[in-house]
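**Student:** Quick one: this structure, given as C-alpha cells, is what I'll be asking you about.
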Amino acid sequence: MSKQSYAAALVDALHDAMRSDPRVSIIGGYVLGLGPQRTLTDRLKQDFPDRVFDPPTSEAGNAAVGVGASMAGMRPFVDLGTASFSYLAWSQLTNEAAVAHYMTNGRLTAPVTFHMLHGVRGGGAAQHSQSPHAMLWNAPGLEIVAPSTAADAYGLIRTALASPNPTMLVSHAKLLGIETEVSEKKSAIPFGVADIKRRGRDVTVVATSLMVPYCLTAAEALAKDGIEVELVDPRTLVPLDEKTIIESVSRTGRLVVVDECPLRGGIASEIAATVAERGFKHLKAPIVRVTRPDTPVPFSLPLENFVTPDPEKIAAAVRGALKAG
Amino acid sequence: MPKGPGEKRQWQFLERMLLIRRFEETVVKMATDGHFRGHYHLYIGQEGTGVPAIAALKRKDFLATTHRNHGHILARGADPGAGLAEILGRATGLNGGRGGTIHLCEPKLGFLSTSGVVGGCISLAVGGGYACAQRRDGSVTMALFGDGALEEGVSYEALNIAALWHLPVIFMCENNSAGAMGMAKGGYPSLVHASKNLLLIPKSMGIKSVRVDGVDAAAVHAATTRAISLCRSGRGPVFIEAMTPRWAGSDPLWPELATGITDLRMATGGAVPTGKHQAWFEHYDPVLRLARELANGGEESVHRLSALDEATRKRIADAADFALASPLPAPETALNHVFVQEASA
C-alpha cells in the first residue's frame, strides 16, 4: 500500500480510461480547478492531444455536447467546473441526459460522465460553494457518484466511464489534495456498493465525499471516550446501497447522517427517510441529521464555519444521538 | 424537364413529401376524433425542406430534430405506422408510447434524442458533430430546427463551440415565421427576436451561412449537398436558413387543416385552386409545386402522380389501422428503462 491524493487518482483514472477506450474524451480545461493540483492533468493533454478540449465558458453548451456525443456512441467526460455553475446546464443534465433512455423506450443511451467540484471550499461565498447533487438526486435517470478517497475516486470514475448511463461525479474541492491509501493496482469499483470505512458498535454514521474524512476525525475523538462509530460511505447515491446502511443500523440501533448539502430535501433527509421507512424497528433513538442550514454560504470565515459541518459538530451530534432514546 | 437522374430524384422526393403530407392530414383527423391528447405540431408546408435535406445525408450520419419532427422522421425512412402509434401513445410506437408527438425518435436511423426544448436540438446536434469528428469517418450531424430555437441561450453556446472546433454540423434552420400571425393575434408563437436577419448570427462566428427557398426542393437539396460536402472535408459547420412561409393550418394556437386534404389534381390541371388559400396552392405548397413540375412531363407523368397518390393514401391508411389497433402499454412498464441496467437503479 502507498498513499495518493484524490486528484492524482482522478487523473490516473482518466488516463487509464482513455488508454483502454478510444471513445473516451475530456471536455474541460480545469478538471481539478485552479488549485495546486491543476498541473496533474497536463499528461492527459500530452498523451491524448486530440481528445482533451478546452471549451468556452459555456456550461449548457458543453454539457449538451457531451450528451449529444454520448448518444452518437462516444464516452465524453464533461467537466462543469465549480458545481454551482451546473445550474446553467440544468436542462441538459435533468431534461436531456437523464430522460433520453427512458423517452426512447430504452432504444437510445446517453453514457456521458459529468464532473464538478462541489462544496464549501473556503472563501467561495454563495456562488462558488454549492453542492447541487441533492437536487440532482430528484432527477430520475442520473447515476450520482460522490467519492471520498483516492481509491474510490479511481474505481468509481472507471465505472462511470464504462457505464451505459449518464453519470454525475462530484468531487469536493477540499478532497483534491487529501492523500489516502491505495493498492499498487487500482481497480474499478461497482456502483451501489457502500463501503464501511470504520467498524463500530454504538452508532451508525452515514456520510459521503468530504464528510467521510471529517467523520473519521470525529470518530477518533469519540473513540477516546469509548464511543465506537460505524461509518458507512454509500459512495454512490444512485444507485444507493440501502441494504448496507440498514444492516449497520440494525447492529447499532442509532443513525446520524452527515452531509454538506442544505437540510431541506437534502441527502441526509432522504437517507433518514429511507431508514425510518424501512428500518424503524432497529432504531433506539431519533435519527440525527448534520448538514448545512438552509442558508446560502457566506464568505467571511466565522460565518462560513458556522454553517459548515465539521468534525466537532459531527462528534456533538453523535453524543446527542447516544444520549437520546 | 429533362429525364435522367435529376428527375428520378425528384420523384423520390415527391414520394416522401406526399407520405408526410398524408401522414399529417391523418394526424389532424386522429386529433379531431379524440384519439390522442395534448398539443401537436405539423410539418405541412415544410416538406420541401426536410425531405431533400435529409436525402442528402448518408446512412452513417446523425440527425437531431424538434417538436416538429414528424416530417424529419418519415423523410429519413421511419415506419409511418410506428410513428402514428407513438402519437397515439401505443406500445408499438417508435418510443413505446413514452414520447408522444413531441419526441418521435428513430435511433436506428441515426436520430439523437428528440428534444422538446427548442434549443435542445441545436445543442445536442453539436454533440453529434463532436462524435463525428472524434470518429474521423467523414460522418456529419444535421440539426433541423425552427427559427424560434435561436431565442434560447444554449443555441448560441452550441454554435460557438461548433465554430471553434470546426465540427461537421449542418444547422438547418427552417424559418417558418414568414406570414405567421403570432401570439399577439392569438395564434401560435412565432419568432420573437431582435435580429431581423438570422443569418448574421452564425456569420458573426465565422460559420458559413446561406439562405434558400425552403419550398424549392431542388434548391434545398443543392444547398444541403454543398454544406455536407464542406463538413465532410473538415470545413464545417454550415448554417442554412430555409425560408418556408407559414402554412395557414399552423397559424392558430391549435393546428387545423386550413387548406383541406391536399388535392394533387391541382398540380395536373384536374382541379383549379380558388379561395383565400389560392396563393398557397399555386406557389407555396411544396408538394403541389414539385408535383406540378413533374406533371409537366406529360400524360405518363400525370398517371404516375395519380398512382403514387393512391399508393401513398393506402400506405397511410394501413399505418393508421395499425396504430389504432395497437395495444396501449402495460401500466407497470412505466417503471422500466430509467437506466440501462435496471438492476443498478
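The values are calculated or read from the model by the stated rules, or taken from the named source; none is laboratory data. Fair warning: this is a prediction, and the values are worked out from it, not measured in the lab. FYI the Cβ positions are ideal-geometry reconstructions off the backbone, even for glycines, and counts take in every protein chain you see. Areas reflect the complete protein model, heavy atoms only, side chains present, ligands, DNA and RNA absent. Shrake-Rupley method; radii C 1.70, N 1.55, O 1.52, S 1.80 Å.
**Student:** Taking the alpha-carbon distance from A:LYS323 and a cut-off under 19 Å, which lysines remain once sequence neighbours fewer than 8 residues away in the same chain are dropped?
**Tutor:** Once the sequence-local lysines are set aside, what remains near A:LYS323 is A:LYS224, A:LYS281, A:LYS284, A:LYS313.
**Student:** Divide by every residue of chain A the summed helix terms, -39500 (n - 2.57) for each DSSP H run of at least 4, and state the resulting mean residue ellipticity at 222 nm, rounded to the nearest 500 deg cm²/dmol.
**Tutor:** It lands at -10500 deg cm²/dmol.
**Student:** Total accessible area buried between chains B and A, 1.4 Å probe, in Å² to the nearest 100?
**Tutor:** It comes to approximately 3500 Å² buried between B and A.
**Student:** Calculate the dipole size of segment A:195-323 relative to its Cα centre from +1 charges on Lys and Arg beta carbons and -1 charges on Asp and Glu beta carbons; express the result in debye to the nearest 20.
**Tutor:** 460 debye
**Student:** Taking each residue in A:87-97, count the Cβ atoms of any other chain within 10 Å of its Cβ, then average. What number comes out?
**Tutor:** Mean inter-chain Cβ contacts per residue within 10 Å come to 3.
**Student:** Rounded to the nearest 0.05, what FRET efficiency do B:LYS58 and B:ASN296 give with R0 = 35 Å and r taken as the Cβ-Cβ distance? Could you check?
**Tutor:** Step by step, r from the Cβ atoms, then E = 0.70.
**Student:** Give a residue-ordered list of calculated ³J(HN,Hα) values for segment B:165-180 (Karplus: 6.51 cos²θ - 1.76 cosθ + 1.60, θ = phi - 60°; whole Hz; x for Gly, Pro).
**Tutor:** 9, 6, 6, x, 10, 9, 8, 9, 8, 8, 7, 10, 8, 4, x, 6
**Student:** While we're here: Quick one: which residues, 5 or more positions from B:LEU63 or on another chain, have an amide H under 5 Å from its amide H? H modelled 1.01 Å from N in the peptide plane, none for Pro or chain starts.
**Tutor:** Answer set, sorted by chain and number: B:PHE111, B:LEU112, B:MET142.
**Student:** Packing-wise, with mean Cβ within 10 Å as the measure, how do B:41-48, B:177-184 rank, highest first?
**Tutor:** B:41-48, B:177-184
**Student:** What is the diffusion coefficient of segment A:195-323 in µm²/s, taking the Kirkwood radius over Cα pairs and the Stokes-Einstein relation at 25 °C with a viscosity of 0.890 mPa s?
**Tutor:** Estimated diffusion coefficient is 170 µm²/s.
**Student:** Let me ask you something else. For the ranges A:204-216, B:248-260, what's the packing order if you count other beta-carbon atoms within 10 Å of each residue, average per peptide, and put the highest first?
**Tutor:** Per-residue Cβ counts within 10 Å, averaged per peptide and sorted highest first, yield A:204-216, B:248-260.
**Student:** Which listed residue (B:LEU150, B:VAL272, B:GLY38) has the Cα farthest towards the positive end of the charge dipole for chain B, taking +1 on Lys and Arg C-beta and -1 on Asp and Glu C-beta about the Cα centre?
**Tutor:** The listed residue farthest towards the positive side: B:LEU150.
**Student:** Using 0.36 nm per residue, how much length does the chain from B:ASP33 to B:GLU332 gain when fully extended, once their Cα-Cα distance is taken away?
**Tutor:** Difference between extended and current length: 104.9 nm.
**Student:** Calculate how steeply helix A:242-252 sits against the longest principal axis of the alpha-carbon atoms of chain A, using the helix alpha-carbon long axis, and give the answer as 0 to 90 degrees to the nearest 10.
**Tutor:** Helix A:242-252 sits roughly 20 degrees off the main axis of chain A.
**Student:** Considering amide H positions built from the backbone, and no H for Pro or chain starts, which residues 5 or more places from B:PHE239, or on another chain, come under 5 Å of its amide H?
**Tutor:** B:PHE171, B:LYS208, B:SER209, B:VAL210
**Student:** Taking the Cβ-Cβ separation of B:ARG9 and B:ASP137 as r and a Förster radius of 22 Å, what is the calculated FRET efficiency to the nearest 0.05?
**Tutor:** With a Förster radius of 22 Å, E is 0.30.
**Student:** Would you mind giving the mean number of other chain beta-carbons within 10 Å of the Cβ of each residue in B:116-124, as a whole number?
**Tutor:** If you average over the peptide's residues, the count of other-chain Cβ atoms is 6.
**Student:** Roll a 1.4 Å probe over the protein chains and send me the accessible area per residue for the protein assembly as shown in Å².
**Tutor:** Counting only protein heavy atoms, the per-residue value for the protein assembly as shown is 38 Å².
**Student:** Per residue of segment B:222-236, in order, report the coupling 6.51 cos²θ - 1.76 cosθ + 1.60 (Karplus, θ = phi - 60°) as ³J(HN,Hα) in whole Hz, putting x for Gly and Pro.
**Tutor:** 5, 5, 5, 4, 4, 5, 5, 4, 4, 5, 5, 9, x, 10, x
**Student:** Still on this model: For segment A:1-135, what does the relative contact order come out to in percent, with C-alpha contacts under 8 Å and a separation of six or more?
**Tutor:** Relative contact order, segment A:1-135: 24 percent.
**Student:** While we're looking at this one, here's another question. Rounded to the nearest 10 degrees, what's the angle between the helix A:6-20 long axis and the longest principal axis of chain A, both from Cα atoms, 0 to 90?
**Tutor:** 40 degrees
**Student:** Given contacts defined as C-alpha pairs under 8 Å and at least six residues apart, what's the relative contact order of chain A, whole-number percent?
**Tutor:** 17 percent
**Student:** Okay, moving on. With an 8 Å Cα cut-off and a minimum separation of 6 or more residues, compute the relative contact order for segment A:1-52 in percent.
**Tutor:** That works out to 39 percent.
**Student:** Positive end of the charge dipole of chain A (Lys, Arg +1 and Asp, Glu -1 on Cβ, about the Cα centre): tell me which of A:LEU210, A:ALA160, A:GLY226 has its Cα farthest that way.
**Tutor:** A:GLY226
**Student:** Which of the lysines could a cross-linker span from B:LYS29 if the Cα-Cα distance has to be under 19 Å and same-chain partners fewer than 8 positions apart are dropped?
**Tutor:** Partners found: B:LYS314.
**Student:** Same structure, new question: What residues have an amide H closer than 5 Å to that of A:VAL238, excluding those fewer than 5 places away on the same chain, when H is modeled at 1.01 Å from N in the peptide plane?
**Tutor:** A:ILE144
**Student:** At what distance in nm do the modelled label points of A:LEU34 and B:SER306 sit from each other, each positioned 7 Å from its Cα along Cα→Cβ?
**Tutor:** Modelled inter-label distance: 7.6 nm.
**Student:** Using only the Cα atoms of the protein assembly as shown, what do you get for the radius of gyration and for Dmax, in Å?
**Tutor:** When restricted to the Cα atoms of the protein assembly as shown, Rg and Dmax are 28.5, 101 Å.
**Student:** What's the carbon and sulfur percent of segment A:185-325's accessible surface, probe 1.4 angstrom, rounded to a whole number?
**Tutor:** Of the solvent-accessible surface of segment A:185-325, carbon and sulfur hold 57 percent.
**Student:** Ok, one more. For the pair B:VAL272 and B:VAL340, what calculated FRET efficiency results from E = 1/(1 + (r/R0)^6), where r is the Cβ-Cβ distance and R0 = 60 Å, to the nearest 0.05?
**Tutor:** Efficiency computed from Cβ-Cβ geometry: 0.55.
**Student:** Might you report the magnitude of the Cβ-based charge dipole of the protein assembly as shown about its Cα centre, with Lys and Arg at +1 and Asp and Glu at -1, to the nearest 20 debye?
**Tutor:** 580 debye
**Student:** What are the lysines whose alpha-carbon lies under 20 Å from the alpha-carbon of A:LYS186, with same-chain residues fewer than 8 places away excluded?
**Tutor:** A:LYS3, A:LYS197
**Student:** Residue by residue, what Karplus-based ³J(HN,Hα) values in Hz, rounded to whole numbers, does segment A:307-323 have, using 6.51, -1.76 and 1.60 with θ = phi - 60° and x for Gly and Pro?
**Tutor:** Going residue by residue, I get 9, 9, x, 9, x, 5, 5, 5, 4, 5, 5, 5, 4, x, 5, 6, 6 Hz, with x marking Gly and Pro.
**Student:** If the only charges are +1 at each Lys and Arg Cβ and -1 at each Asp and Glu Cβ, what is the size of the charge dipole of segment B:187-254 around the Cα centre, to the nearest 20 debye?
**Tutor:** 360 debye
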